[in-house]
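Working notes for the structure below.
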Amino acid sequence: MIARLGLGTRCLLVGLILFVIMTSATVPSALYALWAADYGFGPLTITVIFSIYVAGVVFGLMGLGGWSDALGRRPMLLAAVAACAVSDVGYLFSRNLPTLIAARLVSGLATGLIAGTATATMVDLAPPHLRVRASMTALAANMGGLTAGPVVGGVFAEYCPEPLHLVYAVHLIVLALVVAVPLFAVPSRPRNREVSLRPIGLMVPPEVRADFWPAAMGGGLGFAVGGLLNTVAGLYLGHLAGIHNPFLAGLMIAPCFGVIAVGQLLSPRLPGRSRLPLCCAGLIFSCVLILAALAFTQTELLVISGPVVGVATGLAIGHGMSSINEHCPAEHRGATNSTFFAVMYVGLSVPVIGAGVAMHQIGLRAGGEIFSAVVAVVIVGIGAVLLAGLTRPVAARPSSVVIQPPLPRLPAGVRVVERV
């Protein structure tokens, strides 16, 4: 039975749930063009649909992200699976724009519920000396699902019947197969009355603040450039390159998330003070690649930009996640992970909205070029702030070590024997 499995296997099973739900989150990346053709909307409406998804994510993270610390990990994992199933049903029976928007909102809620909860669960299940590895495994499952989604959606959209609906029928079946995992693999625990069910806001305990905010800003910038690429890729292929193939669009977007694992693995091998500057440099370079690809219709440059974004973002996320899950108190771990992901998803939404409005007003090529340049300038500014912060003396991390009072002075000739 699952309940008799070791902690490592249970941790991987929770990672499987995270992977499956995150896959559903990015399947629409390959379907937007088909929805636009069927429902008769353009880039601006795509922006609205994407923004609705991000709103659901942020509400799930900031409004409900701390509930797993209060109610336990198992109920919130089940809630995430239930929300994902509801969104799949919405997509499956969607025949108009309002139903599509509602399904996208609930999909965002599922993402917000699972991102922080699954990460905290995997860290809880790991022994103390393996917590950093567990957090990295959770991040790999998270980004692996985001990577698989556009590819899976592209395969169904290009090569299968009922491309807008069959993929969600299959995903529902997969979801049904993994729903038992939280019931048996994750132990239950009583309600923690010391943790409130009120919205968590920005939950960042003092133990992790020094590393949290710079890493969250770097990760948010990475998601911002990834959001820009996500917006541009499919429209670029169809309108500028003349290639109408959802599978190729999915393949172009997928490396942006998949290669984050490479940056995540590189992060601990680099000096701490070099990770965020390298992250910003990589993101600026990727913005230049996107701008040049749009200006000169060079698909190769757009393809290269995805892995560059991924590695750069992985450096920042790896830096932040290792600190959070190694030093954060267990009673705040779910809320803190949720806050970290919320900052990044806010970064993901801003360029999608801005690029969509710009492309609606002045066209795909000019709008994409201008917005790529704007994002690059913003990264330069924030990178300068981060670099200035790194040059300041590092404050000591709050310690949980208890300092023992001095022993009383003993009379001469009396010795203390320490029993082993």
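The values are calculated or read from the model by the stated rules, or taken from the named source; none is laboratory data. Here the structure is a predicted model, which means the values were calculated and not measured. For neighbour counting, all protein chains shown are included, and Cβ atoms are generated from backbone atoms with ideal geometry for every residue, glycine included. Side chains are part of the model used for accessible areas, which takes the heavy atoms of the whole protein and leaves out ligands, DNA and RNA. Shrake-Rupley method; radii C 1.70, N 1.55, O 1.52, S 1.80 Å.
A few points about this structure:
- Residue within region 41-53 that is open to solvent by less than 40 Å² (accessible area, probe 1.4 Å), part of a loop (DSSP other than H, G, I, E, B) and under 22 Å from Ile114 (Cβ atoms) present: no
- Selection from region 222-249 of residues that are at pLDDT 75 or above, closer than 24 Å to Gly363 by Cβ and under 21 Å from the mean Cα position of the chain (by Cα): Ala224, Val225, Gly226, Gly227, Leu228, Leu229, Ala249
- A single member of Ala254, Ala233, Ala293, Ala312 is open to solvent by less than 40 Å² (accessible area, probe 1.4 Å), part of a helix (DSSP H, G or I) and in contact with a Cys (Cβ under 6 Å, 6 or more places away or on another chain), and it is Ala312.
- Ile290 hydrophobic (A, V, I, L, M, F, W, C) and modelled with pLDDT under 80: no
- Some residue of region 317-332 being modelled with pLDDT of 80 or more and of a type in the set (A, V, I, L, M): yes
Quick grid of which residues meet (1) assigned to a helix (DSSP H, G or I); (2) open to solvent by 30 Å² or more (accessible area, probe 1.4 Å); (3) out of contact with any Cys (no Cβ under 8 Å at 6 or more places or on another chain); (4) farther than 20 Å from Ala30 by Cα:
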| position | (1), (2), (3), (4) |
| --- | --- |
| Val132 | yes, yes, yes, yes |
| Ala138 | yes, no, yes, yes |
| Leu146 | yes, no, yes, no |
| Pro150 | yes, no, yes, no |
| Val155 | yes, yes, yes, no |
| Glu162 | no, yes, yes, no |
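- Residue in region 122-129 that is modelled with pLDDT under 90, at negative phi and among the small types (Gly, Ala, Ser) present: yes
- Residue list for region 205-223, filter: among the aromatic types (Phe, Trp, Tyr) and either open to solvent by 50 Å² or more (accessible area, probe 1.4 Å) or more than 20 Å from Val132 (Cβ to Cβ) (or both): Trp213, Phe223
- For first residues located in region 343-363 and free of Cβ contacts under 8 Å to residues at least 40 places away in the same chain, partners that are assigned to a helix (DSSP H, G or I) and open to solvent by less than 70 Å² (accessible area, probe 1.4 Å) and lie 6+ apart or on another chain with Cβ distances below 7 Å form the pairs Gly354/Phe371; Ala358/Gly367; Ala358/Phe371; Gln361/Gly367.
Here is a yes/no grid of residues against (1) out of contact with any His (no Cβ under 8 Å at 6 or more places or on another chain); (2) within 26 Å of Gly154 (Cα to Cα); (3) open to solvent by 10 Å² or more (accessible area, probe 1.4 Å):
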| site | (1), (2), (3) |
| --- | --- |
| Leu248 | yes, yes, yes |
| Ser322 | yes, no, yes |
| Cys328 | yes, no, no |
| His332 | yes, no, yes |
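- Residues (open to solvent by 10 Å² or more (accessible area, probe 1.4 Å), out of contact with any Pro (no Cβ under 7 Å at 6 or more places or on another chain) and not hydrophobic (A, V, I, L, M, F, W, C)) located in region 54-93: Arg73, Pro75, Gly90
- Scope region 274-290; condition polar (S, T, N, Q) and surrounded by fewer than 20 Cβ atoms within 10 Å (Cβ to Cβ); matching residues: Ser274
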